[in-house]
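Peer 1: Can you read through this structure? Questions will come right after.
The values are calculated or read from the model by the stated rules, or taken from the named source; none is laboratory data. Keep in mind that what you see is a predicted model, and the values were worked out from it rather than measured. Note: ideal-geometry Cβ built from the backbone for every residue, glycine included; neighbour counts use all protein chains shown.
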Amino acid sequence: MRFAIFHRDLERLLRLGVMAFAGLLLSSAALAHSSSSSYLTLSQSEQQLVLRADINLRDLDLLFDLDTSGDGRVTWGEVERRSGELNAWMVQGLTLGESAKDCALGPVDLQASEHADGLYLSAQWKPVCPGLTDLAKARFKLRYELIFAQDNLHRGLLKVDLPGFQSSAVLSPDRPQAELTAEGGSALAVFGRYVVEGVWHIWIGIDHILFLLSLLVLAPLVTSRGRVTQWRGVNKAKPALHDVLAVVTAFSVAHSITLALSVLKWLEPPADLIEPAIALSVVAAALNNLVGWSAFRRWRLAFVFGLIHGFGFANVLLDLGLPARQLAVALGGFNVGVELGQLAIVAVFFPLAWLLRHTAFYRWVIVAGGSLVIAVLGVVWTLERTGLLTL
């Protein structure tokens, strides 16, 4: 009799999981593959300005169908055959100006460069800006509009590295233009800019979000020796809030530690290890919800895996182009932004979970079905990030 009941419960759970997984997998896979970044640098070499743009060949292939051989990879020969077309496209979407006057970009030098997520096309120009004599008084304006029409999550990560003039900016569909002055690199301006980027990163990081939600979803339920689907909702908010606070605090402390260690170059594990590990943490947190009474304490999981997520945050922060002289300010701003973004997610999730905590829908669909779906997604991401699966 007990086996029959368990079999029915399991069958019901699997049906819910499959139905939810179908939609979530498609949307999440699309999100995971569509967002990307380009790297922009404004520097000086031999008394000349140098503007460089590194654009992922994967993005260019989607736009220009560069893989003419159809073998699933873009070769440098295939890029060179379209170099004129690629340069014209980049020039029309990339504008540098100084003191309200456009700079002439001049001839382009195209090369291939390697980044953590693959091969990039590096385009380099030596702009000539009329009337520019003193970099310390320069008022640059850079506008970047490449790829935004095809991917609204795409970002242009700009770093300015000039004598006495260091700055950075993140360009997006809503903010395609950056105003760059030596005064704009003040500590307050840098702090505010990196707060915004920290908030944005946690909001678009679906793996970070699902990891956090997996750790919070059981907070409104009373732990018992029965199956998770039989746990009842708590009657008072205090224990649930304590549970949420423990998880959020443990995660925050842990990722702050490794974020600082990595940015300060004290500990730098490779990205090809960290990204699969983050995906595995999502699997572990979700499956832990289904174990029931013998599950690990969730705040401990938050701390242990939060250390890994901190390295992931650091990789993003380093990609943004940190100002060397204001490293601590940028690091602090980004970390504050991550915390604010995390608290905003909790502020949306917890009231909804509290309202639904006594319902079968919450136990079966949100807790059990949702955890199963998240675990499967985590497995898919792990296989993708280790190169064992291509979607």
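Peer 1: Given the conditions (1) within 20 Å of residue 162 (Cα to Cα); (2) surrounded by fewer than 18 Cβ atoms within 10 Å (Cβ to Cβ), report the number of the one that residue 85 does not fulfil.
Peer 2: That leaves (1) as the condition not met.
Peer 1: Same structure, new question: What's the number of the condition residue 290 fails, among (1) touching a helix residue (DSSP H, G or I) at 6+ places or on another chain (Cβ under 7 Å); (2) surrounded by 20 or more Cβ atoms within 10 Å (Cβ to Cβ); (3) modelled with pLDDT under 95; (4) within 26 Å of residue 357 (Cβ to Cβ)?
Peer 2: Here residue 290 clears every test but (2).
Peer 1: Tell me the residue from 328, 284 that is free of Cβ contacts under 8 Å to residues at least 12 places away in the same chain, part of a helix (DSSP H, G or I) and surrounded by fewer than 18 Cβ atoms within 10 Å (Cβ to Cβ), please.
Peer 2: Criteria check complete, one pass: 328.
Peer 1: Step by step: first the residues of region 43-59, then only those that are in contact with a Leu (Cβ under 8 Å, 6 or more places away or on another chain) and over 14 Å from residue 113 (Cα atoms), then the one that is surrounded by the most Cβ atoms within 10 Å (Cβ to Cβ). Which residue is that?
Peer 2: Result: 49.
Peer 1: Filter region 160-178 for residues that are under 20 Å from the mean Cα position of the chain (by Cα) and more than 21 Å from residue 57 (Cβ to Cβ); which is modelled with the lowest pLDDT?
Peer 2: 168
Peer 1: Any idea which residue in region 92-141 is surrounded by the fewest Cβ atoms within 10 Å (Cβ to Cβ), counting only those that are among the acidic types (Asp, Glu) and either at positive phi or not in a loop (DSSP other than H, G, I, E, B) (or both)?
Peer 2: 114
Peer 1: Tell me, which residue of region 65-82 that is among the basic types (Lys, Arg) and over 13 Å from residue 118 (Cβ atoms) is farthest from the chain's Cα centre (by Cα)?
Peer 2: Only one residue fits best here, namely 81.
Conditions tested, residue by residue: (1) surrounded by 21 or more Cβ atoms within 10 Å (Cβ to Cβ); (2) among the basic types (Lys, Arg); (3) in contact with a Phe, Trp or Tyr (Cβ under 8 Å, 6 or more places away or on another chain); (4) over 17 Å from residue 205 (Cα atoms).
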residue	(1), (2), (3), (4)
296	no, no, no, yes
311	yes, no, no, no
340	no, no, no, no
354	no, no, no, yes
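Peer 1: Would it be correct to say that residue 126 is in the same structural domain as residue 96 (by TED's automatic domain parsing), out of contact with any Cys (no Cβ under 8 Å at 6 or more places or on another chain) and closer than 21 Å to residue 87 by Cα?
Peer 2: Spelling it out, residue 126 is indeed in the same structural domain as residue 96 (by TED's automatic domain parsing), out of contact with any Cys (no Cβ under 8 Å at 6 or more places or on another chain) and closer than 21 Å to residue 87 by Cα.
Peer 1: Report yes if some residue within region 242-249 is charged (D, E, K, R), under 30 Å from residue 167 (Cβ atoms) and either in the same structural domain as residue 208 (by TED's automatic domain parsing) or within 16 Å of the chain's Cα centre (by Cα) (or both); otherwise report no.
Peer 2: no
Peer 1: Here's something else I'd like to know. Residue check: is residue 220 without any contact (Cβ under 8 Å) to a residue 60 or more places away in the chain, in the same structural domain as residue 319 (by TED's automatic domain parsing) and not β-branched (Val, Ile, Thr)?
Peer 2: So residue 220 does not fit the description; no.
Peer 1: Against the condition within 28 Å of residue 282 (Cβ to Cβ) and within 25 Å of the chain's Cα centre (by Cα), how does residue 145 come out, does it pass?
Peer 2: It is false that residue 145 is within 28 Å of residue 282 (Cβ to Cβ) and within 25 Å of the chain's Cα centre (by Cα).
Peer 1: Next question. Suppose we filter 165, 211 for residues that are free of Cβ contacts under 8 Å to residues at least 60 places away in the same chain, out of contact with any Asp or Glu (no Cβ under 8 Å at 6 or more places or on another chain) and buried (at least 20 other Cβ atoms within 10 Å of the Cβ); which single one remains?
Peer 2: Within the list 165, 211, the selection yields 165.
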